Amino acid sequence: MQNRINNNYWQPQPYIENLHFEESQIYHVYNRANGSELLFRNDNNYYFFLRKIKQYISPVCTIYALCLMPNHFHLLIRIKEKKEVLDFIKSEENKIKSDEENFCMHEITSMQFRRLQISYAKALNKQLSRKGSLFIQNIKRRNIDSDQYFFNVLDYIHNNPVNSGFSYRAGDWKFSSFNSMVNDKGCCSGWIARDELIAICGGQSELKIILTNKIGSLSAAY
């Protein structure tokens, strides 16, 4: 990770409207429901959204961490290299129309997030016989440009249920990547980038120490 990140700067970046997704860059991505709406009404809603993340986001992003909360979600991702994404585009499993000459990583990644949100909203609207938009329109994202910032966001995402009063410990919340990272037995085991995160941390024991000890907090504005 040191090759991609400037370790001299660790403070949270301000939110930048329309920040472009770029190849091999790391981002904190998040969004929430409109107004007082809930995104997830029951466990089946959470698990359905997780399957949609795997379907739409995993082909174009490496996912380091995630957390689904009743009215919002967080992802810590790295945009995959162009060749990997082009291979996905050329596969028969998707309906994306693009080619190498007209390829744009930002457009492809943004489209996959739109597909994620639209597919989920349609399913929930049908289930609840509701109409109208479910999510705030634009996905929010911040570029991760230092190791400290990376680990602060990792900590922030996994402790979101604790800080919001939904659980006593990070591992008690079923709908985050915490347990998938610690013991490979959580809701996204098998497709979260556990091995890569272990390598980034310097070993499995180091990863567990980082995940089970609160290592920092972000500003209230975050």
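For this structure, a couple of remarks:
- Put a dot 7 Å past the Cα of SER189, heading toward its Cβ, do the same for GLN204, and the two dots end up 1.2 nm apart.
- Given their separation in residues at 0.36 nm each and the Cα-Cα distance between them, ASP87 and MET111 gain 7.0 nm when the chain is fully extended.
- Contact order for the range 26-212, expressed relative to its length and based on alpha carbon pairs under 8 Å spaced 6+ residues apart, stands at 27 percent.
- Here LEU76, LEU197 are placed in order of increasing Cβ neighbour count within 10 Å, fewest first, which gives LEU197, LEU76.
- Residue-count net charge about ASN44 - beta-carbon cut-off 15 Å; Lys, Arg +1, Asp, Glu -1: +4
- Straight Cα distances below 17 angstrom link LYS90 to the lysines LYS80, LYS82, with same-chain residues fewer than 8 positions distant left out.
- When you filter the trypsin sites (Lys or Arg not before Pro) in the range 114-195 for DSSP loop state and at most 14 other Cβ atoms inside 10 Å of their Cβ, you are left with ARG130, LYS131, ARG169, LYS185.
- Using alpha carbons only, the radius of gyration of the range 26-212 set against its Kirkwood radius gives Rg/Rh = 0.96.
- Karplus (6.51, -1.76, 1.60) ³J(HN,Hα), θ = phi - 60°, over the range 132-141, in Hz, Gly and Pro reported as x: x, 6, 9, 9, 4, 4, 9, 5, 8, 8
Computed from the coordinates by the stated procedures, all read-outs in this text should not be read as laboratory data. As the structure is a computational prediction, the values presented were derived from the model and not from experiment. In this analysis, Cβ positions are derived from the backbone assuming ideal geometry, glycine residues included, and neighbour counts consider all displayed protein chains.
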